[in-house]
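The values are calculated or read from the model by the stated rules, or taken from the named source; none is laboratory data. Keep in mind the model is a prediction, meaning the values are calculated, not measured. Positions of Cβ are backbone-derived with ideal geometry, glycine not excepted, and every protein chain shown enters the neighbour counts.
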Amino acid sequence: MSEFPSIPKPALEPAEELEHLSLAVKLSGIETEVVLPERREIVRAGMRLHYLNWGTQGRRPVVFLHGAALNAHTWDVVCLALRKHFHCYAVDQRGHGESAWAEDADYSGEANLGDIEAFVDSLGLDKFVLVGHSMGGFNAFNYAFHHSHRLAALVLVDAGPSILVKGAKRIAEFVNQTAELDSLEEVMQKAIEFNPRRDPRLLRRSLLHNFRQSPSGKWMRKTDLRMWHGHKSREQERELLKQRFREATRITCPTLIVQGSMSDVFTSEDAKHLAREFRHGQYAQVGEAGHTVQGDNPRALAELLQQFLAKVLPAGT
């Protein structure tokens, strides 16, 4: 059925992952049952997409898209907090995590749109909630721009057409500086320097979802960094996306714009302005969180999502 091998071996053994998730949940202050997600994949047009299925069958589906150079596990704690009420899916987007790298290095918005369409069609999702952070937020918006009739709601986390160049440059420099390092300890040190809010007790195991050891012994990112250079002109992509954001009123579903209070990428003013561009837009800020809101304050984000969805979804769904 597929030219690709079976799902890659998990970064952590099940017992290790349960221990890691239990600590992450405890530190976040969330009270919930800790379970492991099912690891699954779909294949479409030469692209293998890996995803995490958190259950619960029969509940409203919520699909989560991570930011650039992250992976599906960035949503682990949020999915654990929401899984009693929703059927959560977290996708490794092309060139990230355990998904395949594009042979032609096509990481354009249109390529990612095709992946989301294939994922949604493969699982038969309809009237689902789409949540995207940063790059995943742009991809989620692009999907909504074309298919908002299939969405029950859209959530963009620290993502919008007006981004702070300094913050975006800082992220790009960090990713490039950590493309290949001699040890996992060196990766950890640079990660804590980049984001001091991260707990070292969690960091080592969470980094294993984003790095793999090469035969040479060096630790390399699982991210295909060719995407930073772009298959098409990145400037053309940005202009097209900005144009679509100016036409955000065509998106008919309720939309929430979330901004991290300490973000150096997206300001509260820009987030509020963006929310007003949507037909049914709302704005909310998550405190004690930088750009990666779901990692810095997963409890507050999960609570915010639950409150928003309780307001905009039909009762009992």
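Under 8 Å by Cβ, and 6 or more places apart or on different chains, what pairs join a residue from the range 105-124 that is touching a residue at least 60 places away in the same chain (Cβ under 8 Å) and of a type in the set (Ser, Thr, Tyr) with one that is surrounded by fewer than 19 Cβ atoms within 10 Å (Cβ to Cβ) and assigned to a helix (DSSP H, G or I)?
Tyr107/Arg226; Ser108/Glu237
Is at least one residue of the range 124-132 within 19 Å of Arg48 (Cα to Cα), β-branched (Val, Ile, Thr), at pLDDT 95 or above and not in a loop (DSSP other than H, G, I, E, B)?
Scanning the range 124-132, I find no residue that is within 19 Å of Arg48 (Cα to Cα), β-branched (Val, Ile, Thr), at pLDDT 95 or above and not in a loop (DSSP other than H, G, I, E, B), so the answer is no.
I'd like the residue in the range 160-192 that is of a type in the set (Val, Ile, Thr) and in a helix (DSSP H, G or I) and, out of all such residues, is surrounded by the most Cβ atoms within 10 Å (Cβ to Cβ).
Checked the range 160-192; the qualifying residue surrounded by the most Cβ atoms within 10 Å (Cβ to Cβ) is Val187.
Would you confirm whether any residue within the range 229-242 is over 20 Å from Ala172 (Cα atoms) and either buried (at least 18 other Cβ atoms within 10 Å of the Cβ) or within 21 Å of the chain's Cα centre (by Cα) (or both)?
Yes, the range 229-242 contains at least one residue that is over 20 Å from Ala172 (Cα atoms) and either buried (at least 18 other Cβ atoms within 10 Å of the Cβ) or within 21 Å of the chain's Cα centre (by Cα) (or both).
Evaluate the range 3-25: report whether one residue or more is more than 22 Å from Leu125 (Cβ to Cβ), surrounded by fewer than 18 Cβ atoms within 10 Å (Cβ to Cβ) and either polar (S, T, N, Q) or in contact with a Phe, Trp or Tyr (Cβ under 8 Å, 6 or more places away or on another chain) (or both).
yes
Is it fair to say Ala152 is over 16 Å from Ala72 (Cβ atoms), under 16 Å from the mean Cα position of the chain (by Cα) and modelled with pLDDT of 95 or more?
No.
Mind telling me which of the residues His85, His66 ends up being on the phi < 0 side of the Ramachandran plot, surrounded by 18 or more Cβ atoms within 10 Å (Cβ to Cβ) and either without any contact (Cβ under 8 Å) to a residue 40 or more places away in the chain or not β-branched (Val, Ile, Thr) (or both)?
Exactly one of His85, His66 is on the phi < 0 side of the Ramachandran plot, surrounded by 18 or more Cβ atoms within 10 Å (Cβ to Cβ) and either without any contact (Cβ under 8 Å) to a residue 40 or more places away in the chain or not β-branched (Val, Ile, Thr) (or both), namely His66.
For the range 70-79, check the following and say yes or no: at least one residue is surrounded by fewer than 21 Cβ atoms within 10 Å (Cβ to Cβ), hydrophobic (A, V, I, L, M, F, W, C) and either in a loop (DSSP other than H, G, I, E, B) or under 14 Å from the mean Cα position of the chain (by Cα) (or both).
For the range 70-79, residues surrounded by fewer than 21 Cβ atoms within 10 Å (Cβ to Cβ), hydrophobic (A, V, I, L, M, F, W, C) and either in a loop (DSSP other than H, G, I, E, B) or under 14 Å from the mean Cα position of the chain (by Cα) (or both): absent.
Restricting attention to the range 28-41, does a residue exist that is surrounded by fewer than 21 Cβ atoms within 10 Å (Cβ to Cβ), of a type in the set (Lys, Arg) and either in contact (Cβ under 8 Å) with a residue 12 or more places away in the chain or touching a Phe, Trp or Tyr at 6+ places or on another chain (Cβ under 9 Å) (or both)?
Within the range 28-41, one or more residues are surrounded by fewer than 21 Cβ atoms within 10 Å (Cβ to Cβ), of a type in the set (Lys, Arg) and either in contact (Cβ under 8 Å) with a residue 12 or more places away in the chain or touching a Phe, Trp or Tyr at 6+ places or on another chain (Cβ under 9 Å) (or both).
Name the pairs: first residue in the range 208-224 and more than 22 Å from Val91 (Cα to Cα) and in a strand (DSSP E or B), second residue modelled with pLDDT of 95 or more and among the aromatic types (Phe, Trp, Tyr), Cβ to Cβ under 9 Å, at least 6 apart or on different chains?
Gln213/Trp219; Trp219/Phe211
For the range 80-102, enumerate the residues that are outside any loop (DSSP other than H, G, I, E, B) and farther than 21 Å from Pro10 by Cα.
Correct list: Ala81, Leu82, Phe86, His87.
Give me the residue from the range 244-297 that is touching a Ser or Thr at 6+ places or on another chain (Cβ under 6 Å) and assigned to a strand (DSSP E or B) and, out of that set, surrounded by the most Cβ atoms within 10 Å (Cβ to Cβ).
Gln259
For Glu19, which of the numbered conditions (1) in contact with a helix residue (DSSP H, G or I) (Cβ under 9 Å, 6 or more places away or on another chain); (2) in contact (Cβ under 8 Å) with a residue 24 or more places away in the chain; (3) among the acidic types (Asp, Glu); (4) not in a loop (DSSP other than H, G, I, E, B) fails to hold?
Checking Glu19 against (1) in contact with a helix residue (DSSP H, G or I) (Cβ under 9 Å, 6 or more places away or on another chain); (2) in contact (Cβ under 8 Å) with a residue 24 or more places away in the chain; (3) among the acidic types (Asp, Glu); (4) not in a loop (DSSP other than H, G, I, E, B), the one that fails is (2).
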